[in-house]
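Some notes on the structure that comes next.
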Amino acid sequence: MNRREFAAGSLALLAAAAAPKVWAAEGAPMFPKNFYWGTATAAYQVEGAVREDGRGESIWDRFAHTPGKIKDGSTGDVACDHYHRYREDIGLMRAMSLNSYRFSMAWPRILPSGTGQVNSKGLDFYRRVIDELLAAGIRPLPTLYHWDLPQALEDRGGWTNRDMAGWFAEYAAIVARELGDRIGDWILFNEPTAFTNNGYLEGIDAPGRKSIVDFLRATHVVNLAQGAGFRALKAARPKARVGSAFSMSACQAASSSADDKLAAERAHAIMNLWFLEPALHGRYPAAFTFLPETAMRIKSDDMEKTRAPLDFLGINLYYRTIATAASAWARITDPKMWLFPVNRGYGSEGPPTDLGWEVWPDAIYDIVTRMTRDYGRPAIEITENGCAYGDGPDAAGVVNDARRIEFYRGYLGAVARAIKDGADVRGFHAWTLTDNFEWSEGYRARFGLVWVDFATQRRIVKQSGRWYGDVARANAVL
């Protein structure tokens, strides 16, 4: 760490120590005692240092360096340089009075070839991060897999290869043994619906495949890996609390017709339950017109292997989905519609973010209360929620991102309402701490509470970050 980084981190810590107590106004939505206030990041999006200290190549290294895959032509080679600046970034979290940090561990930084030889320098990096978090009074909440599969494993078939379940379990066991004395809560996967759909069906994310068969097989292997990883982590650390972070969307029918209502339930099943029902109940939900067991290569004892009695559910939510039934013509002409006869679109009644995603706070209330009702009031953490707005610093160096404040005020108010109505929500993690490499969008989409000049790595806490810190101190929506 250089002197500038040390100074920035020290100033952040001093700011935290001097932060005044914030009192909520009468009637402000309050949160339970010991509620977790945090931010979320992902290794490839923030760490950089992709060729340092023995890290192996990931599928996102390969994908981002393929011309035409990233909208602004960028890569995550440097990103936010969090690998070298993690102390500064943790200092910013402490200055905001946050008490939880959801981050991911880069599988290729720990196992460069995906399996086999362990890279001790990779483990040492995460030890330093965890120790720094604990010293700052911040809970480490690591995600084992946030999309950066070692390229060596993709070369062996990636998530379509059934051996991935064992390889993932091996990785989970290594990390739990080495780092589990410092960590109580773990997340297995981030958004399996997204990385299988976008990476294997639509081709818009790494590894860039476009195959319905690959997609179906990948979803089943990920479910097998979720079960295997859960058991491996529990075997290494029996007292650990283990969950997964699921991308979810409140799915609504476009009309009151029976066909559209069925379409909305199919959308709910594939978007919200496809990786939850196998874990909790050992079965697939009714998303399709029939279950393609042969294409998915489901074996007779597989569904028992997918079981993972998760200790908590992580929910990532960004938008609601409006579903309509596919037309008869579409079902005849589009092979995907034979299996899944649903048209899905974003809601459009609320104001759009810079990515065109509708701002609709009721969506998070609806999904949290439905999961509470349908699954017997499980422990829930909001593991991601956020918005992309491009506001930058003004002449005085202030980032006035009022729209982001209003976004979070609405969504946090909806979460508070869900808690009041019986949901057991224990934490909220804003996406994201710093502006970063936003996958195929590159650096164009800015979700951070902290603005980053990617040329200099200068950081400025946005007004939304200051407001979010006040919310954390008050434990209430301000």
| For the stretch 244-316, which trypsin sites (Lys or Arg not before Pro) are both in a DSSP coil and crowded by at most 16 other Cβ atoms within 10 Å? | R283, R297, K299
| message | I need the peptides 116-127, 414-425 ranked by packing, meaning the mean over residues of other C-beta atoms within 10 angstrom, with the highest value on top. | response | 414-425, 116-127
| Once you charge only the Cβ atoms, +1 for Lys and Arg and -1 for Asp and Glu, what is the size of the charge dipole of the stretch 24-78 about its Cα centre, to the nearest 20 debye? | 180 debye
| field | Solvent-accessible area of K21 with every protein chain in place, 1.4 Å probe, in Å² to the nearest 10 | value | 120 Å²
| query | Which order, highest average first, do 355-367, 232-244 follow once you tally other Cβ atoms within 10 Å for each residue and take the mean per peptide? | reply | 355-367, 232-244
| Efficiency of FRET from Cβ geometry, A286 and Q117, R₀ 56 Å, rounded to 0.05 | 0.80
| query | How many lysine pairs does the chain hold where the Cα atoms are under 17 Å apart and the two sit 8 or more places apart or on different chains? | reply | 5
| remark: Computed ³J(HN,Hα) along the stretch 274-287: with the Karplus parameters 6.51/-1.76/1.60, θ = phi - 60°, integer Hz and x for glycine or proline, the list is 4, 10, 9, 4, x, 5, 8, 10, x, 7, 8, x, 7, 8
| request: For the chain, give the magnitude of the charge dipole about the Cα centre (Cβ charges: +1 Lys/Arg, -1 Asp/Glu; no others), in debye to the nearest 20. | output: 880 debye
| field | Spacing of the two label points (7 Å from each Cα toward its C-beta) at A135 and D301, in nm | value | 4.8 nm
| task | Calculate, for I332 and W357, the FRET efficiency according to 1/(1 + (r/R0)^6) with r their C-beta to C-beta distance and R0 25 Å; round to the nearest 0.05. | result | 0.20
| request: Specify which residue in the list A258, N316, H281 is farthest towards the positive end of the charge dipole of the chain, using unit charges on the beta carbon of Lys, Arg (+1) and Asp, Glu (-1), about the Cα centre. | output: H281
| said: Can you work out the Karplus-derived ³J(HN,Hα) for every residue in the stretch 152-160? Use 6.51 cos²θ - 1.76 cosθ + 1.60 with θ = phi - 60°, whole Hz, and x for glycine or proline. | reply: 4, 7, 4, 5, 9, x, x, 6, 8
| message | Modelling each spin label as a point 7 Å along the Cα-to-Cβ direction, I'd like the D259/D124 distance in nm, to one decimal. | response | 6.4 nm
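How much length is gained on full extension from D311 to R466, taking 0.36 nm per residue of separation minus their Cα-Cα distance?
Details: separation 155, 0.36 × 155 = 55.80 nm, distance 3.20 nm.
Taking 0.36 nm per residue and subtracting the Cα distance, the gain is 52.6 nm.
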| Spin-label model distance (nm) - R62 vs N400, 7 Å beyond Cα toward Cβ | 4.8 nm
| message | Could you put R62, R373, R139 in order of accessible surface area, largest first, with the 1.4 Å probe and the full protein assembly present? | response | R373, R62, R139
| query | Counting only the heavy atoms of the protein chains, how much of I212 is accessible to a 1.4 Å probe, in Å² to the nearest 10? | reply | 60 Å²
| Net dipole in debye of the stretch 390-433 [+1 Lys, Arg Cβ; -1 Asp, Glu Cβ; about Cα centre; nearest 20] | 200 debye
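The values are calculated or read from the model by the stated rules, or taken from the named source; none is laboratory data. Small disclaimer: the values here were computed from a predicted structure and weren't measured. Note that each Cβ is placed from the backbone with ideal geometry, even for glycine, and that neighbours are counted across all protein chains shown. All accessible areas refer to the heavy atoms of the entire protein, side chains included, with ligands and DNA or RNA removed. Shrake-Rupley method; radii C 1.70, N 1.55, O 1.52, S 1.80 Å.
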